[in-house]
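Okay, so here's the structure we're looking at.
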Amino acid sequence: MYIQTQGLVLRETNYKEADKILTVLTREGGKQTVKARGCRRKNSPLAPSAQLLVWSDMTLFDYRDRLTLNEAEPLEMFWGVRRDVEKLALCAYFAEVTETVAEEGRPDQALLSLILNSMYALDKLDKPLALVKAAFELKLLCVAGYEPLLDACAVCGREEPEGPRLDLGEGVLRCAACSTGEGASRPLDRTSLEAMRHVVYGDPKRLFSFPMDGPGMERMAAACEDFLLVQLDRGFRTLDFYKGLWIPPQYMVDRKGDAQ
């Protein structure tokens with residue numbers, strides 16, 4: 001049976017002499033494992049689409065619940081990302097995180113839209129890397145069922161808490177005075193809290209449309225990354241690689257000093 005779909009390659013693994021095994025996030029079928037036969041041969045028509053972070057029209061052949069890439073035509077190569085090593089490393093991190101939370105065979109349009117829009121923001125809109133990264137991490141947790149409660153302090157109920165902190169384990173907001181001191185948390189300020197509320201509760205089409213200053217971006221970046229790592233309970237090699245390249249000054253933060 002032939003299946004017509006569109007998909008984004010989240011991972012590629014060389015297989016045998018000329019094949020690849022691809023992890024593809026498809027529009028209709030969610031995350032799928034697909035074999036691309038002969039795609040590593042010279043002049044293979046499948047080669048452009050059988051690459052990490054390429055969005056393509058695909059024809060898949062389904063035989064005994066195993067999918068093979070029969071035909072493919074790239075729709076978006078994201079050249080603005082590929083020409084910049086930092087953007088490429090960051091998008092590889094997006095792909096690894098997306099693969100982690102995506103369920104095999106379960107369509108997830110919100111997740112697919114999130115990673116495509118995040119890559120587009122870096123590729124075409126030239127949004128700041130730290131802003132896109134933080135917004136992606138926080139929104140991905142919302143899509144995956146880990147949405148934090150940021151409307152008010154979880155203890156006293158104040159909508160504008162004094163010295164707000166995000167509890168990384170519980171995913172709730174607390175005033176500094178209401179913080180129990182148990183478990184890790186990250187400090188926020190008014191700017192970072194408003195930006196995070198925009199990401200969680202705002203229009204997904206305007207996900208990256210929020211102003212940020214240096215200190216606010218620093219706090220949001222630290223909180224969103226650490227919240228994702230705690231909630232998913234794992235690290236990511238692509239994140240380590242990205243951070244090892246170069247970390248912009250506005251993203252640097254003393255995690256040890258902020259932890260409580």
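The values are calculated or read from the model by the stated rules, or taken from the named source; none is laboratory data. This is a predicted model, so every value here is computed, not measured. Neighbour counts are summed over all protein chains in view; Cβ atoms, including those assigned to glycine, are modelled from backbone coordinates with ideal geometry.
R40 meets the conditions (1) over 16 Å from G105 (Cβ atoms); (2) in contact with a Ser or Thr (Cβ under 8 Å, 6 or more places away or on another chain) in every case but one. The failed one is (2).
Scan region 15-33 residue by residue and report those that are over 19 Å from V97 (Cα atoms) and crowded, with 22+ Cβ neighbours inside 10 Å.
K20, the sole residue that qualifies.
Can you tell which of E170, E182, E225, E194 is of a type in the set (D, E), modelled with pLDDT of 90 or more and part of a loop (DSSP other than H, G, I, E, B)? Only one candidate qualifies: E170.
Is it true that S49 is part of a loop (DSSP other than H, G, I, E, B), among the polar types (S, T, N, Q) and either touching a helix residue (DSSP H, G or I) at 6+ places or on another chain (Cβ under 8 Å) or surrounded by 22 or more Cβ atoms within 10 Å (Cβ to Cβ) (or both)? Considered against the rule, which asks whether it is part of a loop (DSSP other than H, G, I, E, B), among the polar types (S, T, N, Q) and either touching a helix residue (DSSP H, G or I) at 6+ places or on another chain (Cβ under 8 Å) or surrounded by 22 or more Cβ atoms within 10 Å (Cβ to Cβ) (or both), S49 comes out as yes.
In region 118-144, the residues that are within 9 Å of C224 (Cα to Cα) form Cβ pairs under 8 Å with partners that are modelled with pLDDT of 95 or more and of a type in the set (D, E), at six or more places apart or across chains, as follows: K133/E225; A134/E225; E137/E225. Return the residues of region 144-167 that are farther than 20 Å from D213 by Cβ, within 26 Å of the chain's Cα centre (by Cα) and assigned to a strand (DSSP E or B); say none if nothing qualifies. Within region 144-167, L149, D151, A152, D167 meet the criteria. Check whether at least one residue in region 55-65 is at positive phi and over 18 Å from the mean Cα position of the chain (by Cα), and report yes or no. Yes, because at least one residue in region 55-65 is at positive phi and over 18 Å from the mean Cα position of the chain (by Cα). Condition (residue is at pLDDT 95 or above and under 30 Å from Q231 (Cα atoms)) applied to region 61-78: is it met by at least one residue? For region 61-78, residues at pLDDT 95 or above and under 30 Å from Q231 (Cα atoms): present. Looking at T59, is it among the polar types (S, T, N, Q), surrounded by fewer than 21 Cβ atoms within 10 Å (Cβ to Cβ) and not assigned by TED's automatic domain parsing to the domain that holds A130? For T59, the condition - among the polar types (S, T, N, Q), surrounded by fewer than 21 Cβ atoms within 10 Å (Cβ to Cβ) and not assigned by TED's automatic domain parsing to the domain that holds A130 - is met. Of the candidates T180, T191, the single residue that is in contact (Cβ under 8 Å) with a residue 24 or more places away in the chain and among the hydroxyl-bearing types (S, T, Y) is T191. Checking every residue in region 122-143 against the condition of being modelled with pLDDT of 95 or more, surrounded by 14 or more Cβ atoms within 10 Å (Cβ to Cβ) and part of a loop (DSSP other than H, G, I, E, B) gives zero matches.
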